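Undergrad: Got a structure here, written out as structure tokens. Questions coming.
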Amino acid sequence: MFQGRKAILWIVALILGCVLAIHYGLAWVRYYQSRPIVLTGAVIKQDDDPIKRAPIMDVEVSEANGLASSNTKSNFTGYFAIPLVRGVGRQQSVTLRFLHPDYVPVDLTELVTDKLTIVHLVPIRSDSETPEKPVPLDHPPINVANVRIRYSTESTSQENIGTGVKTFQVQNVGNVPCQNSAPCSPDSKWKATLDTESMDAGEGSVFQNARVSCIAGPCPFTRIDTDGFSQGGRVIKVTVRNWSDTTTFLFQAEVFRPQISDIVRMTYPIILGTSLNFTLPPTAEGPSVEAELNGENIVFPLGPIPILSWADCNVSVAKNQGRFYRCELNAGYRFR
């Protein structure tokens, strides 16, 4: 009788567990299906050569039929994420519209899925002209050549400005029993003396390559107890133990002073079609672009917002504060 009731209870519990699992499973499915869907992708330049398919920034992305909860723009890497309104489901048709003043507009109709959308935009102009403003025949394209990137970095070097030297004596009388009256010799047999000496390199200077040596007296019966000099620094110290007669020590170190200087560096950008790309390290200061325009060498300083008369530039700052620049030639110019 008891066994039968126990089996019934187990069956009821199993049925309730299944019912709850189905209920919560259906609830999760309804939540998953009803949550807003975000379409993601990238916008790049159309070119037969894959290496010239540069990302396009500031492309306005929208849904032509009002099925997006907000419009968006592509970022420096060409990435975009456009949220659809709640209720738009998978496999439903949407039309994404991509607009940029320098590229032919594109309307892309596709079914809603989890796939990444890669959009290729065709430049409105060629390397030297636009359909709206063709370059006059008596004004040929301006050649941009020999492009270099100049910047400076701060370098710190250590200049040896002298040597710190000091002699000191550790006075003691040898063969005097210690009798448990510290300090003593290492074997606690003889009376010893401890002496601490220091040197200061002065404001803005440090000691390096410090050394201490016994130069007179019964040196075998001495020991360096505290090494406060090997690591260098502005102030260095040493403590010597002597358990025989008076000894003399030489304390010596090189004195260095930090010297800060600016080093001018030069790098060359990567040119792919009409795109110019280069990076600068986090420590770069005063960057500028040097280029020959129709044979004339001109320097173009780069401020926080990069502006060139012959190219449209954007910059992205990495987590380590390194900077990645991408510049697109303006109409009427071409790389040579």
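The values are calculated or read from the model by the stated rules, or taken from the named source; none is laboratory data. In this text, all values refer to a predicted model and were calculated from it rather than measured experimentally. Quick reminder, even Gly has a Cβ in these numbers, built from the backbone with ideal geometry, and neighbours come from all protein chains shown. We work out accessible area using only protein heavy atoms, side chains counted, and drop any ligands, DNA or RNA first. Shrake-Rupley method; radii C 1.70, N 1.55, O 1.52, S 1.80 Å.
Undergrad: Which one of these is open to solvent by less than 70 Å² (accessible area, probe 1.4 Å) and either acidic (Asp, Glu) or free of Cβ contacts under 8 Å to residues at least 60 places away in the same chain (or both): 110, 60?
TA: 110
Undergrad: Further, regarding this structure: Look at residue 34 and say whether it is hydroxyl-bearing (Ser, Thr, Tyr), closer than 30 Å to residue 98 by Cα and modelled with pLDDT of 65 or more.
TA: Working: hydroxyl-bearing (Ser, Thr, Tyr): yes; closer than 30 Å to residue 98 by Cα: yes; modelled with pLDDT of 65 or more: no.
In short, no.
Undergrad: Could you check, for region 120-127, whether at least one of its residues is at pLDDT below 95 and surrounded by fewer than 14 Cβ atoms within 10 Å (Cβ to Cβ)?
TA: Scanning region 120-127 turns up at least one residue that is at pLDDT below 95 and surrounded by fewer than 14 Cβ atoms within 10 Å (Cβ to Cβ).
Undergrad: Tell me which residues, restricted to region 310-336, are in contact with a Leu (Cβ under 6 Å, 6 or more places away or on another chain) and either aliphatic (A, V, I, L, M) or on the phi > 0 side of the Ramachandran plot (or both).
TA: Of everything in region 310-336, just one residue is in contact with a Leu (Cβ under 6 Å, 6 or more places away or on another chain) and either aliphatic (A, V, I, L, M) or on the phi > 0 side of the Ramachandran plot (or both), namely 311.
Undergrad: Among the residues of region 286-302, is any at pLDDT below 90, farther than 15 Å from residue 143 by Cβ and open to solvent by less than 30 Å² (accessible area, probe 1.4 Å)?
TA: Taking every residue of region 286-302 in turn, at least one turns out to be at pLDDT below 90, farther than 15 Å from residue 143 by Cβ and open to solvent by less than 30 Å² (accessible area, probe 1.4 Å).
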